[in-house]
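The values are calculated or read from the model by the stated rules, or taken from the named source; none is laboratory data. All figures in this text were calculated on a predicted structure; none of them were measured in a lab. Positions of Cβ are backbone-derived with ideal geometry, glycine not excepted, and every protein chain shown enters the neighbour counts. Ligands, DNA and RNA are excluded from the accessible area calculation, which covers all protein heavy atoms including side chains. Shrake-Rupley method; radii C 1.70, N 1.55, O 1.52, S 1.80 Å.
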Amino acid sequence: LMFGLLAFLIGVGAPFLVYAASQYVLHGKTGIKRMYYFPVLASIGTGIAISNTQAVSQALQGIQSAFIRTPKKGDSSGSYSAKRKIGFVEIACALWAGLGIAWGLQSDRPWIVPLLFIYVSGFAWVGILSFHSWFKNRQPSHATTPKWLYASGILFCGLFALLSIQNETWVYAAALYSSIGLTISAVYLVSVYFLQKHGEVSRYGLAFIILCGLVVRLFMLNGMEASDDVNRYIVEGRQAAYAQNPYLIAPHDPEARALLDQHLDTRITDAVNHPDWTAIYPPLTIGIETIVTHFRSTDMGIKISIFVTECLALILVSQLLIKRGLPLALLALVWWNPIGPIWLSGEGHNDAWMMLFMLAGLWFWDQQSDKRGLAAMSCAALCKPFAAWALLPKLIKAPWQHWLIPIGLAILAYIPFLNAGTALFNSLGRFGSELHFHGALEPLIRLFWGTILMEEQPLRFATVATLMLILFGGSALLIWRDHKNIAYHGAGDAAALCAKLFALLFLCLPTLYPWYFTPLVFLLPFVRQSWGLIFWTAMTPIFWLHGLKIAANNGVWTETYWVTTLAHLPAIIWLLSDIFMRSKPWRFIDSKQPALSNNA
């Protein structure tokens, strides 16, 4: 502690003395008064760390970068013009430091908080000012924000505030939760509809959209009861932290209880869903759970990490929109979609971790870096298995060496857990074979085959075979068509194709929970014909109506088929309409703005 304190005092004191001496030499005793601004100087100096790091990196690589200077003697000829920074990286760093503050305040080391405030303020100051300057010069001069958008945002936040103050869980207040949730969805759909007619908004309108998205997530972060899945995240993370293989030892196992009861609140261990199941999530998710629970083994710790991850993912969406030249007003499709606030920040589902890697993969693909993109996408699949579907478009026509990337990363990820043997995939197999809940096509296909096949085993086989035929046949058709008709190199095209593949996958899954739609939500801005997908994701609050039957059955999860029908059938009809009737693509720009390219 003394060594660290000494190093800290030298690090802080040296620049302070340098500036104090310089001000004294220049201005005498009055110059010392200027040292009141030293904390601001330190904050700004921290905020430009990203730019400085980039410059040093380029120098070490021998890259010649322009020296940005102001024109001399009034002659601007030959002078360099500064490339405007967008500031998203600095804003992401501010969020990361903010996460440190949140954990620091809840830990036994609160002394770190004042130091982290310098990082938060510096990165946020530079990031926000950079974005303000960039957006001011990018936006069309005639861009305005309609007054109805502010009214919609206030109503949107009010409804989430109402949802966050409910005392009962959704199972025992299903009608109330669903009513509020569907009203939120209606506000979202109406806002998006009128926004795409209005066109690009001013920087104040965009800031308002983002602010409302942050506010409702904070409401749900504190006011929504965490899912019982979060208890499993905590238990698996602590098992891995103490070298107990979660793929081999289930939470209810006496060996697991003996370990966990020493380190966790027994209420967490008792509330794990499917306690006789070993770990179902892939190793990268286990690793993230281990890291997060190292700092805070509570549901709030998990939810804070997911909230920050979701914000980082939304920053990547913004970067991809800018890279593709698409209007930032499209961010409303993601920021105001009910899935993020309710199921990610609210209930704490870990799909946000997967989504961050997936968007990073799309970003690398947009930079023409196929290998890095495949590595990031492979990490997404090592968070949630169905994310592997996003690998298909790039792997099908890739050299055989590229196939080694996902295979190699998977081997590396599973090595620490290999003593489980074939048990690594036991729970995943049980999930696919035993659980059938809220599926879109599965009940219809099962009903069709049930009129022909009476025994359960042939009926199950016929249902699964039909779903697999639709999934693989449809995916092959989508990939072939998009490779043939578009220049499939940019992230916008890749994102649109991934969204279609995920939509097809979710249609065929026998179990489909609302938070599974996370990839669709984050990819919505890149899909040209997306009303069917938007409506499908907006209908997720109707899922709560299953609670009517669950509560009647003393908490036993039971599907209500009329709820499943309402959740999926209208959206499926709309999706078919988008496909066969060639619905108009997203406008989101008016006649005074330049038209989007065909690829976009």
Exercise for review: With the condition kept exactly as written, say whether any residue in segment 339-350 is farther than 26 Å from Gly213 by Cα, in contact (Cβ under 8 Å) with a residue 24 or more places away in the chain, within 19 Å of the chain's Cα centre (by Cα) and buried (at least 22 other Cβ atoms within 10 Å of the Cβ).
Suggested key: no
Restricting attention to segment 199-255, the residues that are more than 28 Å from Thr290 (Cα to Cα), open to solvent by 10 Å² or more (accessible area, probe 1.4 Å) and aliphatic (A, V, I, L, M) number exactly 4
Note: among Ser22, Ser79, just one is open to solvent by less than 90 Å² (accessible area, probe 1.4 Å), modelled with pLDDT under 80 and either farther than 27 Å from Trp125 by Cβ or over 40 Å from the mean Cα position of the chain (by Cα) (or both), namely Ser79
For Gly348, are the conditions met, namely being of a type outside the set (A, V, I, L, M, F, W, C) and closer than 29 Å to Met220 by Cα?
yes
* To do: Say whether the condition of being part of a helix (DSSP H, G or I), more than 27 Å from Leu321 (Cα to Cα) and open to solvent by less than 50 Å² (accessible area, probe 1.4 Å) is met by at least one residue in segment 141-155.
  => no
Filtering helices (runs of 4 or more DSSP H) wholly in segment 217-334 for at least 1 residues that are of a type in the set (Ser, Thr, Tyr) gives 228-241, 266-270, 283-295, 299-324
Return yes or no: is Gly87 open to solvent by 20 Å² or more (accessible area, probe 1.4 Å) and either touching a residue at least 60 places away in the same chain (Cβ under 8 Å) or not polar (S, T, N, Q) (or both)?
no
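Each row is one residue, and each column tells you yes or no for (1) within 13 Å of Leu507 (Cα to Cα); (2) surrounded by fewer than 12 Cβ atoms within 10 Å (Cβ to Cβ); (3) free of Cβ contacts under 8 Å to residues at least 12 places away in the same chain.
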site	(1), (2), (3)
Ile445	yes, no, no
Trp449	no, no, no
Met454	no, yes, yes
Leu459	no, no, no
Thr466	yes, no, no
Leu469	yes, yes, yes
Gly474	yes, no, no
Arg481	no, no, yes
Inset, instruction - Take Ile288 and decide whether it is open to solvent by less than 10 Å² (accessible area, probe 1.4 Å), out of contact with any strand residue (DSSP E or B) (no Cβ under 6 Å at 6 or more places or on another chain) and over 23 Å from Thr145 (Cβ atoms). - result: no
A careful count of residues in segment 25-40 that are surrounded by 15 or more Cβ atoms within 10 Å (Cβ to Cβ) and farther than 16 Å from Pro114 by Cβ gives 2
Heads up, the helices (runs of 4 or more DSSP H) in segment 351-440 (entirely inside) with at least 3 residues that are of a type outside the set (Val, Ile, Thr), in contact with a Leu (Cβ under 7 Å, 6 or more places away or on another chain) and open to solvent by 60 Å² or more (accessible area, probe 1.4 Å) are none
Of the candidates Ile315, Ile322, the one satisfying the condition of being touching a helix residue (DSSP H, G or I) at 6+ places or on another chain (Cβ under 9 Å), under 29 Å from Ser107 (Cβ atoms) and among the aliphatic types (A, V, I, L, M) is Ile315
Taking segment 257-285 and the residues there that are among the aliphatic types (A, V, I, L, M) and more than 18 Å from His349 (Cα to Cα), the one that is surrounded by the fewest Cβ atoms within 10 Å (Cβ to Cβ) would be Ala258
Within segment 158-179, residues part of a helix (DSSP H, G or I) and open to solvent by 10 Å² or more (accessible area, probe 1.4 Å) come out as Gly158, Leu159, Ala161, Leu162, Ser164, Ala175, Leu176, Tyr177, Ser179
Per the filter on segment 204-216, residues farther than 13 Å from Ala332 by Cα and either more than 17 Å from the chain's Cα centre (by Cα) or of a type outside the set (A, V, I, L, M) (or both) are Tyr204
